[in-house]
Amino acid sequence: MYEFKDRVVAITGGATGIGFALAKAFGEEGAKIVIGEPRPEKLAEAVDKMSALGVESDSIILDVTKIDSVERFADFAWQRHGKVDMLINNAGISGARGLLHEANLDEARKVFDVNFFGVWHGCSVFGSRFIKQGTPAAIYNVGSENSLFIAVPKSVAYVASKHAVLGLSESLRDDLPDFIHVGTIFPGYVDTPLTGNASGGMNADEFASIVKKQIKAGEHLIVSHGYNMVHVEKRHEEIKQAYSTYAPRYDGDDEYDVRKLIADHKLRRKENS
């Protein structure tokens, strides 16, 4: 069971919405919070609120689209505390809605710059430092229910960026040593500034409580909003049906299993070296 007491948790986009709710949830259990956020007024508000709750927190201006800014964020966290135990890559934007063939490509790139490359930058900068630090650490990337299925129509850049976050996280699990835990958080509809504080969404503090339980249990797929299983099962049933119809299993079908082929290739190279 993971304990937050005296852990140092860095959170991108941690001044509002899900990021701030997670900061409070972890801080209330004794974590020391470092918030990165591009809006100085929101940073000040967040730190004041955390202080009122008795949570130790620090903050710094952060633009996740710039890797040098992420480096400064990491420098700040390590200088303040001498270590970091967990990174939450939470910063994200929704972008303009619309059909793909009518979308503004520059706007789509902005969505990917924040939602995907912002996560990439965090994983790269903190991942390399966690390796050097050599102690148990964790990286959690905030995806979306849109990482698993299309929840919001006419939001192609957002949906695609969140699918990409899942692929990045799963690849990172293979890349990093075992003492660095990697997980993906899949928020459903949560009442935050990102969703326009729309009524009907799950309360952000309630969502953070659900997430905290799963992180403490060491899970790597962090879920909420149980009805999403309907959409997940539908998608996987469509995939299963396609394979059953056009590419059914057969004896020896692992002849084309890419993992097996890669392993065999490595073995042959080793034997021939």
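Each value in this text was obtained by applying a stated rule to the coordinates, not by laboratory testing. The shown structure was predicted, so the numbers you read here are calculated from the model rather than taken from an experiment. Don't worry about glycine lacking a Cβ; one is built from the backbone with ideal geometry, like all the others, and counts go over all protein chains shown.
Listed values, structure above:
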{"item": "In Å, descending, principal axis extents of the Cα set of the stretch 164-258", "result": "51, 35, 22"}
{"item": "Nearest 10 degrees, 0 to 90: helix 105-115 Cα axis against the chain principal axis", "result": "70 degrees"}
{"item": "Separation of alpha-carbon centers, the stretch 36-90 and the stretch 121-154, rounded to whole Å", "result": "16 Å"}
{"item": "Of the chymotrypsin sites (Phe, Trp or Tyr not before Pro) in the stretch 204-250, those whose Cβ has at most 14 other Cβ within 10 Å and which sit in DSSP loop", "result": "Tyr227, Tyr250"}
{"item": "The stretch 227-273: Cα Rg divided by the 2.2 N^0.38 Å rule of thumb", "result": "1.79"}
{"item": "Read-out semi-axes √(5λ) of the Cα gyration tensor in Å, derived from the coordinates shown; its label in [x] 30, 19, 17; [y] 41, 23, 18; [z] 33, 25, 18", "result": "[z]"}
{"item": "Long-range HN-HN contacts of Ser59 with modeled amide H, under 5 Å", "result": "Ile35"}
{"item": "Residue of Gly183, Gly226, Gly27 that the Gaussian network model of the chain assigns the largest fluctuation, springs spanning Cα pairs under 10 Å", "result": "Gly226"}
{"item": "Set Lys83/Lys110; Lys212/Lys260; Lys24/Lys213; Lys162/Lys212; Lys24/Lys154 screened for pairs whose C-alpha atoms are more than 25 Å apart", "result": "Lys83/Lys110; Lys212/Lys260; Lys24/Lys154"}
{"item": "Lys, Arg +1 and Asp, Glu -1 on Cβ, resulting dipole of the stretch 88-244 about Cα centre, debye, nearest 20", "result": "180 debye"}
{"item": "Theoretical ellipticity at 222 nm over the chain - DSSP helices of four or more residues, -39500 (n - 2.57) apiece, nearest 500", "result": "-16000 deg cm²/dmol"}
{"item": "GNM flexibility winner over the chain from Lys32, Lys24, Lys240 (Cα, springs under 10 Å)", "result": "Lys240"}
{"item": "GNM top mover of Thr16, Thr135, Thr184 - the chain, alpha-carbon springs below 10 Å", "result": "Thr135"}
{"item": "³J(HN,Hα) computed for each position of the stretch 216-223 - Karplus, 6.51 cos²θ - 1.76 cosθ + 1.60, integer Hz, glycine/proline x", "result": "4, 7, x, 6, 10, 10, 9, 10"}
